[in-house]
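Below: the structure, in structure tokens.
The values are calculated or read from the model by the stated rules, or taken from the named source; none is laboratory data. Note that the structure is predicted; figures quoted are calculated from it, not measured. Positions of Cβ are generated from backbone atoms using ideal geometry, with glycine treated the same way; all protein chains shown enter the neighbour counts.
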Amino acid sequence: MRAFFSDDQLLHQPRQFMRVGRLCEPTDVPARAAALQRALAARAITVSAPPDYGRAPLETVHSPAYLDFLSTAYTRWTALASSTLEPGIEVLPNLSPYHSGRIDQTRRAPCPSDNIIAQTGYYLGDLSCPLGPHSWRSIERSAHSAVAAARHVSAPDAGGLAYALCRPSGHHARTDRASGFCYVNNSAIAAQTLLERFDKVAVLDVDAHHGDGTQQIFYQRSDVMTISLHADPSNYYPFYTGYATERGHGAGYGYNLNFPLPHGTADVGFLAALDGALDALRDYRPQALVLALGFDTYVHDPISVLRVGLDAYRGIGERIHALGVPTVVVQEGGYEVDAIGRALEAFLSGFVPATA
């Protein structure tokens, strides 16, 4: 097994996010990555810095105008200080454009305004995605870790598993919108990279939150099946998507599945839902898999409404290994820093035949 991570991913250090009307201390802190690295080191798993692939892999999923915004926003934001405006310490939106939510539209047109304030409202979907002086470098390198993992398992003589320690996370990022601590969709980029070798790929998301960005990116396609297990979104972020009625559109109809779970679901219920998802996955017969692995399902995670224990992560590992397909594990959420290393250790112990 190989793992990929760049120290540049630690440069993103958000200073605030909005929750229930209050500016709060950030939960996506660099210490998350350090805890996961310790878990990998305990199993003697080599962690390599990914090559610098530039923007090209990101452009297979995201619009150029959106990436232009992410890469230049902080400099343009701070330049507002030369005018009569007083910009805040990070790039954050103070407006949000109306969007119809039409599923027949694969992406929006670029923002019609060149103004940085207008573009911030257009491209940042909520107040959990601040952009600081080094955010873009971390965002780009996080995606590179996912690309490197996908290319590793795509090699003919590679093992069956590679781990991308992605931070910032990605599964809430749409083709041209950041939200939920996510800026570019690492899991979708990994899936798109796998398609360079494989004809059919699946993304299985087991984060506590619905992978709404991943769903939107592949919603009209049949070459990537998207399946998400998550807390019932009727009273939990992202609220507007993640319902069982969302099945895909056009050529993608039937290739998107959601398994919303009652709040309070623990190990038995979670693993039963996972077994149902895996039955659908086997019917699809993917040639490779992206596992979007979140640990914010953990019972003591500060923002979770599920009650999953460490043994469930071992069960996830065992079940994914049993599929017998090349697998890229992309790290998503998990904000209880003292627990996420143990959660990763439990997952890897379930995958032990592939990591020995």
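Residue by residue, here is whether (1) over 15 Å from Ser63 (Cα atoms); (2) aromatic (Phe, Trp, Tyr); (3) buried (at least 22 other Cβ atoms within 10 Å of the Cβ); (4) in contact with a strand residue (DSSP E or B) (Cβ under 7 Å, 6 or more places away or on another chain) holds:
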{"site": "Thr106", "(1), (2), (3), (4)": "no, no, no, no"}
{"site": "Cys111", "(1), (2), (3), (4)": "no, no, no, no"}
{"site": "Ala118", "(1), (2), (3), (4)": "yes, no, no, no"}
{"site": "Tyr123", "(1), (2), (3), (4)": "no, yes, yes, yes"}
{"site": "Asp126", "(1), (2), (3), (4)": "yes, no, no, yes"}
{"site": "Pro133", "(1), (2), (3), (4)": "yes, no, no, no"}
{"site": "Glu140", "(1), (2), (3), (4)": "no, no, yes, no"}
{"site": "Ala146", "(1), (2), (3), (4)": "yes, no, yes, yes"}
{"site": "Ser154", "(1), (2), (3), (4)": "yes, no, no, no"}
What do you reckon, is Ser349 of a type in the set (S, T, N, Q) and either under 29 Å from Asp283 (Cβ atoms) or in contact with a helix residue (DSSP H, G or I) (Cβ under 6 Å, 6 or more places away or on another chain) (or both)?
-> yes
Please tell me if Glu86 is surrounded by fewer than 24 Cβ atoms within 10 Å (Cβ to Cβ), acidic (Asp, Glu) and over 30 Å from Phe351 (Cβ atoms).
-> yes
Selection from the range 252-289 of residues part of a loop (DSSP other than H, G, I, E, B), surrounded by 19 or more Cβ atoms within 10 Å (Cβ to Cβ) and not hydroxyl-bearing (Ser, Thr, Tyr) yields Pro286
Exclusive hit being among the polar types (S, T, N, Q), modelled with pLDDT of 95 or more and part of a loop (DSSP other than H, G, I, E, B), set Ser228, Ser222, Ser145 = Ser222
Only one of these is closer than 27 Å to Val308 by Cβ and not in a strand (DSSP E or B): Ala202, Ala158, Ala191, Ala178. Name it.
-> Ala191
Looking only at the range 290-300, decide whether some residue is surrounded by fewer than 24 Cβ atoms within 10 Å (Cβ to Cβ) and either among the acidic types (Asp, Glu) or more than 24 Å from Asn185 (Cβ to Cβ) (or both).
-> yes
